[in-house]
Amino acid sequence: MLCCFGGGILSSLLLAEPPAAVLSNSTNIIYATIVWYMVYYFPLDLFYRCFCFLPLRIIASAMKEVTRTWKIVGGVTQAQSRFKDALLVMVANGWAKAAGGGLISNFEQLVRGVWKPESNELLKMS
């Protein structure tokens, strides 16, 4: 769940807001939990195999990019409501909200004890 909501948590930390406020939307928590269970516990890995089919993978990737755009706009709007004239803060918050899951995965690896510096998202961007 940390990687699912990493952008919101990182954005909240940047704006000095409570990071747990991101988890207050129970609908998003339920959606993420259902998808997680379907990916890891669906019989015969059918859910995973369906998304290995190229047309479904393309649709899912397009939906992911649309969601990323919404996160950027949301992060900029959230920062603008608190810091009206700070353009750099708005850009940084939009970036953190959209790319937070990839950035926070390094922290998650460090906590688990399997940190790999060569897999750092900032050093090898996609």
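Every number in this text was worked out from the coordinates using simple rules, so none of it is lab data. Being a predicted model, the structure only gives us computed values, none of them experimental. As a convention, Cβ positions derive from the backbone with ideal geometry for all residues, glycine included, and neighbour counts pool all protein chains shown.
What the table shows:
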quantity: Proxy reagent accessibility, fewest Cβ within 10 Å first, across SER61, SER11; calculated: SER61, SER11
quantity: Lysine pair count for region 6-119 [Cα-Cα under 24 Å; pairs on different chains or 8 or more apart]; calculated: 5
quantity: Eligible aspartates and glutamates near LYS124 by straight Cα distance, threshold 14 Å, same-chain separation 8 or greater; calculated: none
quantity: FRET efficiency, 1/(1 + (r/R0)^6) with R0 30 Å, evaluated for ASP85 and SER105 via beta carbons; calculated: 0.35
quantity: Ellipsoid equivalent to region 4-126 - semi-axes via the Cα gyration tensor, in Å; calculated: 28, 18, 16
quantity: Pairwise label distance in nanometres, TRP36 with LYS116, each label 7 Å out on the Cα-Cβ vector; calculated: 2.2
